[in-house]
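Values in this text are rule-based calculations from the coordinates and carry no lab data. Note that this is a predicted model, so its numbers are computed, not measured. In this analysis, Cβ positions are derived from the backbone assuming ideal geometry, glycine residues included, and neighbour counts consider all displayed protein chains.
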């Protein structure tokens with residue numbers, strides 16, 4: 001690519017060579033260079049993170065459709081109407097034994113940190129697993145996750161963090177707690 | 001007590017190459033560290049080795065030694 005060429009055509013897309021003097025707007029049109037994929041077997045390395053009596057739940061973090069990563073772009077759009085805050089999804093059984101009802105502010109603590117956010121009772125999560133997103137920095141999800149990472153890429157292990165959840169500040173009038181629908185026990 | 005991150009990562013890298021002969025394994029571990037590790041991570045690992053290197057996989061330790069810059 002030369003400045004002369006750029007002056008003539010404005011821009012070119014890599015690769016630009018004798019076979020494609022005006023660049024290559026679309027790559028791999030006739031096939032990939034080394035086939036459709038290259039699979040490498042790797043040994044399984046189990047996580048060192050362990051749930052214990054002190055941290056009996058597993059936190060997994062993830063994304064939702066309407067926000068992108070920490071939301072630097074998407075929180076400035078009307079998408080915030082769909083996801084105005086990060087919430088902690090927790091199974092009703094795990095919530096009940098902790099005295100948590102939907103909408104309560106809860107503390108979320110791991111071996112490395114603690115934060116607080118609002119709880120949402122959800123049977124999307126199995127018993128023993130809680131879930132939150134990390135689209136709002138104020139949530140501090142990364143304060144709780146550990147330094148564990150993948151051996152090959154050093155990608156942080158955001159899917160397995162042993163945590164404990166506790167009622168922080170009840171935002172629910174006391175009468176509502178008594179009126180809450182009992183959670184059915186297994187088998188009922 | 002939790003291992004320092006660089007030691008834990010070095011041990012997990014070593015696991016991937018345990019099936020190879022010793023020299024080849026060390027070579028592959030060193031190659032991975034050279035290609036993908038931030039120099040600060042390697043310096044931290046070498047400092048760990050200099051302090052006795054407890055709980056560090058011997059193959060990972062040998063690989064890190066290969067990458068040690070001459071004083």
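Starting with the fewest neighbours, write out B:6, A:102 ranked by other beta-carbon atoms found within 10 Å of each beta-carbon. Before the final figure, lay out the partial values.
Details: B:6 23, A:102 16.
Taking fewest neighbouring Cβ atoms as first place, the list is A:102, B:6.
If every alpha-carbon in region A:4-43 counts as one equal scatterer, what log10 I(q)/I(0) does Debye give at q = 0.17 1/Å?
Relative scattering, expressed as log10 I(q)/I(0), comes to -0.59.
Provide, in order from the shortest bin, the percent of all Cα-Cα pairs of region A:56-142 in each 10 Å bin, continuing until the bin that contains the maximum pair distance.
The distribution over region A:56-142 is 18, 50, 28, 5, given as percents.
Can you sort B:49, B:26 by how many other beta carbons sit within 10 Å, fewest first?
B:49, B:26
Which of A:125, A:40 has the fewest other C-beta atoms within 10 Å, and how do the rest follow up to the most?
Numbers: A:125 20, A:40 5.
The order, fewest Cβ neighbours first, is A:40, A:125.
Give the Rg/Rh ratio for region B:20-60, taking Rg as the radius of gyration of the Cα atoms and Rh as the Kirkwood radius, to two decimals. Show your work: numbers first, answer last.
On the way: Rg = 10.8 Å, Rh = 10.9 Å.
On the Cα set of region B:20-60, Rg over Rh gives 0.99.
Relative contact order (percent) for chain A, with alpha-carbon contacts under 8 angstrom and 6 or more residues of separation?
This gives 25 percent for chain A.
Under the Kirkwood approximation for Rh and a Cα-based Rg, what ratio Rg/Rh is obtained for the protein assembly as shown?
Rg divided by Rh gives 1.11.
What are the principal axis extents of the Cα atoms in chain B, in Å, biggest first?
Extents along the principal axes, in whole Å: 31, 27, 20.
Convex hull volume of the Cα atoms in region A:5-108, per residue, in Å³?
Cα convex hull per residue, to the nearest whole number: 255 Å³.
Would you list the P(r) distribution for region A:114-158, with all Cα-Cα distances sorted into 10 Å bins from 0 and each bin expressed as a whole %?
Answer for region A:114-158: a P(r) of 22, 44, 31, 4 percent.
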